[in-house]
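We did not get these values from a lab; they are worked out from the coordinates using the rules stated. Fair warning: this is a prediction, and the values are worked out from it, not measured in the lab. Here the Cβ positions follow ideal geometry from the backbone for every residue, glycine too, while neighbour counts run over all protein chains shown.
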Amino acid sequence: MWGRLVTCGGLAIRLLDPAANPPTRTGSPPHRAGGLPIRRRLTICSTKVSCLAAALLLCAAVALAQAADAAYSKSPGFAAYQQGASLFGRSKFPESLAEVDRALTLDPKLVPALTLKAKLAMAINRYDVARECLERALAVEPSSWYAEFLYGFQYYQQNEMPRALAALQKARLLNPRDPRTALYLGLAEETLGRTAEAVAFYQDAIRLEEASGKPHVDPFLSYSRLLFILGDLDGCGRLIERALQLDPASRDVHFESGRLLLKRGLAADAVTEGEAALRLHTGDVTDRQVHFLLIQAYQASGREREAAGHAEAIRAIERQEQK
Amino acid sequence: MSAYSRPRALAPRLFKMAALVSLFPLHAQIQFEEIHRKAGLAFQLQNGATGQFHQIELMAGGVAALDFDGDGCTDLFFANGAGIPDLRKSGPKYHNRLYRNNCDGTFTDVTAKAGLAGEGYSIAVATADFDNDGWPDIFVGGVNGNILYRNRGDGTFENVTVKAGLSGTDPKLGKMWAVSAGWFDYDNDGWLDLFVVNYVAWDPATEPQCGAPDARFYCHPNAYRGLPNQLFHNNRDGTFTDVSRASGIAQHIGKGMGVAFADFDGDGFIDVFVANDSVRNFLFRNRGDGTFQEMGLEAGIAFRQDGAAIAGMGADFRDFDNDGLPDLVVSGMINDGFQLFRNLGKRRLFEDVGQASGLLAGTRQMTGWSLGMYDFDNDGWKDLFFALSHFPALDRYLGRPSALPNQVFRNVSGNPSTNAGGRRFQDVSATAGPGFQHAALHHGAAFADFDNDGRIDVVVTTLEGPVELLHNISKSGNHWLAVKLRGHRSNRQGLGAVVRVQLPDGRVLYGHATTSVGYASSSEPLVRFGLGTYGEAKTVEVRWPSGETQVVSGVKGDRVVEIEEAEAHK
């Protein structure tokens with residue numbers, strides 16, 4: 001849980017898990033930016049949402065916000081909010097925050113500004129501020145599904161699962177067509193060990209993604225990881241296959257494919273997938289994870305020298321971290 | 001078919017059935033009763049918590065099972081916390097405690113007489129006879145001080161820390177926070193050496209605060225700098241030499257929790273496994289020349305299957321599938337899933353069998369501390385016990401209590417009735433008795449047969465609560481054998497010796513002598529075997545750390561058998 005701040009798609013959002021896998025790739029922002037990580041994650045490790053999805057999440061939010069913006073265009077703080085949103089889109093977070101604060105001084109009930117400030121606050125681990133903003137937003141506009149979704153999301157990020165579930169369920173009632181809400185409901189249920197409920201939400205998230213015409217891989221991967229743990233390798237394989245069709249440039253998908261192949265005893269194919277994953281940079285799986293997969297895949301292929309090379313790569317990462 | 005042909009045809013079938021029955025012993029439920037009150041164990045573990053979320057509060061709870069007075073009844077020693085931030089044992093409630101087993105189901109607190117009340121914030125206990133005088137000694141590891149107590153053999157102990165050079169203070173790093181420790185003879189010279197597992201650099205004055213201002217919580221280990229572990233060579237004269245750097249151990253910075261020893265590659269030298277918290281696990285292969293090669297990555301035990309580091313806690317390094325190769329079990333935090341690594345016996349590789357064995361799915365919602373791999377129903381297959389609890393104050397995040405009941409998994413690898421096949425474990429906690437269902441903040445655990453009935457019992461510490469003594473009352477009717485070793489060329493307790501028991505049907509069971517089991521704790525040094533339906537072992541073979549091999553034939557079961565190493569101590 002409480003993890004890293006990742007920047008993707010020109011937008012910033014704090015993604016899941018992270019504590020166990022600090023980013024290692026060039027360009028990844030430092031772990032626990034803006035605050036110390038709270039002890040341990042509860043969230044399952046299979047809860048990462050890819051940068052692409054995160055970007056799309058925010059793009060969708062932006063589109064929604066644009067529609068909602070019309071309702072707020074006459075607000076005295078609207079211009080400042082728009083400026084803040086634009087700066088946020090360009091990753092100029094301090095400047096964005098200043099504009100959002102100005103907007104809220106002019107209109108403390110400006111809901112889009114409150115949700116944007118909540119996102120900015122989450123980006124610097126100020127979940128208390130994010131929560132307060134979202135509570136204010138929901139007091140002004142109780143039917144805002146996006147504010148409710150973010151409210152549930154921040155609780156999920158803070159590991160407060162009962163509250164996360166309550167908010168996400170409300171968001172789902174307000175907008176049953178949003179696949180991300182279903183995905184996070186699945187993730188929260190899985191975190192609490194309610195496998196059947198998690199499976200139902202993952203399946204629903206996949207259905208909604210497919211119905212959208214532009215499905216994203218995240219629910220496919222989350223569901224496949226759960227099936228892997230449950231030992232349903234065939235079901236896992238079908239989901240990974242679909243994820244590969246949807247996003248062949250995703251490191252995460254190739255990594256999961258490699259893990260499955262290794263589990264099935266197809267070491268040479270696992271090597272191929274692992275090496276492919278290592279070459280890709282879109283996703284949340286770290287270099288360290290891929291190297292560990294490759295150590296095992298090469299060993300199983302009888303290629304000890306290559307395996308040793310990947311072990312050394314991990315040790316080099318560790319030496320770097322210790323500096 | 002003649003009238004006589006039927007019995008003749010049946011005879012071999014009946015014989016085969018009888019053989020099958022003997023192959024597959026009785027699988028009565030594993031059951032425990034909780035008897036700490038009846039036993040007179042009044043110890044309560046104090047972690048000194050004051051709501052400030054100091055990291056050290058999470059780690060207390062070491063316990064040791066040892067026969068300090070040599071009466072054949074296993075006694076108990078508990079490590080205890082101290083006040084925070086002064087880290088002093090300001091009153092009796094913080095004292096470490098020694099309880100003598102009265103051999104009648106009760107215990108007596110003999111701390112004062114023994115001189116073991118201790119000082120500082122204690123966490124780890126490791127017991128063994130380091131000076132080969134026949135009396136087990138006690139090492140206590142902690143936050144601000146480590147202590148070595150030499151057992152005088154008269155019911156009292158002497159603090160020999162300074163003379164021994166085991167205060168734990170590193171010339172460069174100062175006193176490091178020890179959470180586990182263990183004794184083993186890494187150079188097979190007949191004298192036990194000490195491995196100390198250190199966690200993170202921690203200072204009450206600079207303790208970071210984590211979480212939002214309205215929701216403070218314990219910091220993630222990433223908020224602290226990791227530490228190296230330490231190895232101390234026994235100089236055979238009551239002193240030790242810090243060989244952490246020379247051996248290569250100190251080169252590896254971790255956040256150590258549990259430690260376990262076994263000769264995993266069968267080269268005659270004991271290797272070391274260290275479970276780390278949120279960074280990868282270490283496997284130190286003993287090269288046999290005084291140095292160690294860290295090869296957790298190559299061996300496949302460094303990470304979880306997806307390459308993520310778990311919050312590793314307790315560890316045990318024993319053979320769960322009776323193939324003669326020590327395997328590894330490691331507990332972790334909620335949503336980690338506990339790890340089970342099977343030793344493949346080739347190219348020093350392990351296979352992660354957590355998922356296939358059923359352990360991963362069965363433990364994903366648990367946070368495990370100490371643990372042990374013992375044959376609780378004496379059916380010839382080692383089972384798994386986990387001391388469980390989430391972190392204190394995690395309730396709000398989970399929506400359910402942090403306190404948990406413990407968990408026991410039966411090894412059903414050899415049980416045809418389960419139709420499980422392969423290497424499988426089955427969670428049998430729900431049927432392990434009413435006393436087993438008690439939820440608490442369980443931490444340390446030690447394993448021994450406290451009432452000498454042949455069934456292994458468990459003692460478990462709980463944060464800010466009473467100790468639990470889980471008396472094994474499983475009614476399997478299976479036979480057992482406990483091997484007590486007495487080394488001469490090897491160390492006196494024979495720690496590190498590998499014991500191989502052949503049953504009358506030809507099957508072979510394996511074990512090795514160690515007191516390093518679980519988290520921060522220390523268990524009896526006896527090597528135990530469940531014999532199933534057999535009342536005796538065909539042979540018992542001991543491979544001593546000295547290299548000697550000894551075979552004893554026709555060993556009667558249901559008793560503790562002492563096997564003495566042939567050659568005199570040099």
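Efficiency by 1/(1 + (r/R0)^6): what FRET value for A:GLU321 and B:LYS38, r their Cβ-Cβ distance, R0 = 56 Å, to the nearest 0.05?
0.65
As I understand it, the value is the acute angle between the Cα axis of helix B:5-23 and the longest principal axis of the Cα atoms of chain B; what does it come to in degrees, rounded to 10?
10 degrees
What list of ³J(HN,Hα) values in whole Hz, one per residue of segment A:240-254 in order, does the Karplus curve 6.51 cos²θ - 1.76 cosθ + 1.60 (θ = phi - 60°) give from phi, with Gly and Pro shown as x?
5, 4, 5, 5, 5, 5, 6, 8, x, 9, 8, 4, 4, 5, 5
If you count, for every residue in B:306-316, the Cβ atoms of partner chains within 10 Å of its Cβ, what is the mean?
Rounded to a whole number, the mean comes out at 5.
Over all distinct alpha-carbon pairs, what is the Kirkwood Rh of the protein assembly as shown in angstrom?
Evaluated on the protein assembly as shown, it is 28.6 Å.
From the residues B:ALA126, B:LEU166, B:MET176, which one has its Cα farthest along the dipole of segment B:113-178 in the positive direction, the dipole being from +1 and -1 charges on Cβ of Lys/Arg and Asp/Glu about the Cα centre?
Selected residue: B:MET176.
Kirkwood hydrodynamic radius, segment A:109-168, all distinct C-alpha pairs: what's the number in Å?
Radius from the Kirkwood sum: 10.9 Å.
Tally the DSSP beta bridges in the protein assembly as shown and give the antiparallel ones as a percent, rounded to 5.
95 percent
Quick one: go through segment B:295-317 and flag any residue whose amide nitrogen is under 15 Å from the point 7 Å out along the Cα-to-Cβ line of A:GLU312.
Flagged as within label range: B:298.
Which value, in debye to the nearest 20, gives the size of the charge dipole of segment A:70-219 about its Cα centre, when Lys and Arg are +1 and Asp and Glu are -1 at the Cβ?
The dipole magnitude comes to about 340 debye.
I need the phi-derived Karplus couplings for segment B:217-229: 6.51 cos²θ - 1.76 cosθ + 1.60, θ = phi - 60°, integer Hz, Gly and Pro marked x.
Per-residue couplings from phi come out as 7, 5, 6, 5, x, 4, 7, 10, 7, x, 9, x, 8 Hz.
With point charges of +1 on the Cβ of Lys and Arg and -1 on the Cβ of Asp and Glu, referenced to the Cα centre of the protein assembly as shown, which listed residue (A:SER144, A:PHE78, A:LEU226) lies farthest in the positive direction of the dipole?
Of the candidates, A:PHE78 comes out farthest on the positive side.
Would you please state the base-10 log of I(q)/I(0) at q = 0.11, 0.22 1/Å for segment A:79-195, with intensities from the Debye formula using one equal scatterer on every alpha carbon?
-0.36, -1.15
Between B:ASP267 and B:ARG347, what is 0.36 nm times their sequence separation minus the Cα-Cα distance? Round to one decimal in nm.
27.6 nm
Quick check on chain B: of the DSSP beta bridges with both residues there, what percent are antiparallel, nearest 5%?
95 percent
Which GluC sites (Glu not before Pro) does segment A:168-269 hold that lie in a coil by DSSP with at most 16 other beta carbons within 10 Å?
Counting only loop positions with at most 16 other Cβ atoms within 10 Å, none of the GluC sites (Glu not before Pro) in segment A:168-269 qualifies.
Given a Förster radius of 22 Å and the C-beta distance between A:VAL140 and B:ASP214 as r, what FRET efficiency does 1/(1 + (r/R0)^6) yield to the nearest 0.05?
Efficiency for this residue pair is about 0.50.
Could you grab the Rg to Rh ratio for segment B:289-379? Cα atoms only, Kirkwood for Rh.
When Rh is taken as the Kirkwood radius, the ratio is 0.97.
Assuming R0 = 45 Å, what is the FRET efficiency of A:GLU95 and B:ALA439, from their Cβ-Cβ distance, to the nearest 0.05?
The calculated FRET efficiency here is 0.35.
Equivalent ellipsoid semi-axes for chain B, as square roots of 5 times the alpha carbon gyration tensor eigenvalues: give them largest first, rounded to whole Å.
Rounded to whole Å, the semi-axes are 37, 27, 23.
Of the options B:LEU481, B:GLY358, B:MET257, report the single residue whose Cα projects farthest towards the positive end of the charge dipole of chain B (beta-carbon charges: Lys, Arg +1; Asp, Glu -1).
Toward the positive end, the furthest listed residue is B:GLY358.
Mind grabbing the base-10 log of I(q)/I(0) for segment A:253-297 at q = 0.17 Å⁻¹? Debye formula, identical points on the C-alpha positions, no solvent, two decimal places.
Once normalised to I(0) and log-transformed, intensities are -0.34.
Using Cα pairs under 8 angstrom and six or more residues apart, how large is the relative contact order of segment B:24-167, in percent?
19 percent
Hey, fewest Cβ within 10 Å first, where do B:GLU298, B:GLU33 land in order?
Listing B:GLU298, B:GLU33 from fewest to most nearby Cβ atoms yields B:GLU33, B:GLU298.
State the extension gain, in nm to one decimal, for the chain segment bounded by B:THR539 and B:CYS103, taking 0.36 nm per residue of separation less the distance between their alpha-carbons.
153.9 nm
Please list B:154-162, A:112-120, B:189-197 highest first by mean number of surrounding beta-carbon atoms within 10 Å per residue.
Output ranking for B:154-162, A:112-120, B:189-197: A:112-120, B:189-197, B:154-162.
Tell me the relative contact order for segment B:195-236 as a rounded percent, counting alpha carbon contacts under 8 Å between residues six or more apart.
Contact order relative to length: 53 percent.
By what distance, in whole Å, do the Cα atoms of segment B:295-449 stretch along each of the three principal axes, largest value first?
Over segment B:295-449, Cα extents along the principal axes are 46, 35, 29 Å.
Quantify how strongly other chains surround peptide A:159-168 by giving the mean number of their Cβ atoms within 10 Å of each of its Cβ atoms.
Across A:159-168, the average partner-chain Cβ count within 10 Å equals 3.
With the calculation restricted to Cα positions, what are the radius of gyration and Dmax of segment B:177-282 in angstrom?
Cα-based Rg and Dmax for segment B:177-282 come out at 16.6, 57 Å.
Dipole magnitude of segment B:123-216 about its Cα centre, charges +1 at Lys/Arg Cβ and -1 at Asp/Glu Cβ only, in debye to the nearest 20?
Using Cβ point charges on Lys, Arg, Asp and Glu, segment B:123-216 gives about 400 debye.
Can you give me the convex hull volume of the Cα atoms of segment B:253-327, divided per residue and expressed in Å³?
89 Å³
Please express the Cα-Cα pair-distance distribution P(r) of segment B:456-568 as a list of whole percents, one per 10 Å bin, running from 0 to the bin with the greatest distance.
Per 10 Å bin, starting at zero, the Cα-Cα P(r) for segment B:456-568 comes out as 13, 40, 31, 13, 3 percent.
Tabulate in residue order the Karplus-calculated ³J(HN,Hα) for segment B:125-140, using 6.51 cos²θ - 1.76 cosθ + 1.60 with θ = phi - 60°, rounded to whole Hz; enter x for Gly and Pro.
Working through the residues one at a time gives 10, 9, 10, 5, 8, 6, 9, 6, 9, x, 10, x, 9, 10, 10, 10 Hz.
For the protein assembly as shown, with only Lys/Arg (+1) and Asp/Glu (-1) charged at the beta-carbon, what is the dipole magnitude about the Cα centre, in debye rounded to 20?
So the dipole magnitude of the protein assembly as shown works out to roughly 1940 debye.
Quick query: amide H of B:PHE376 versus all other amide H atoms, modeled in the peptide plane; which residues come in under 5 Å with a sequence gap of 5 or more or a different chain?
So B:PHE376 has HN proximity to B:ASP383.
So what is the relative contact order of chain B, in percent, for Cα pairs below 8 Å that sit 6 or more residues apart?
Computed over chain B, the figure is 16 percent.
In terms of the Cα gyration tensor, with a ≥ b ≥ c the square roots of its eigenvalues, is segment B:375-459 rounded because a/c is under 1.5, prolate because a/b exceeds b/c, or oblate?
oblate
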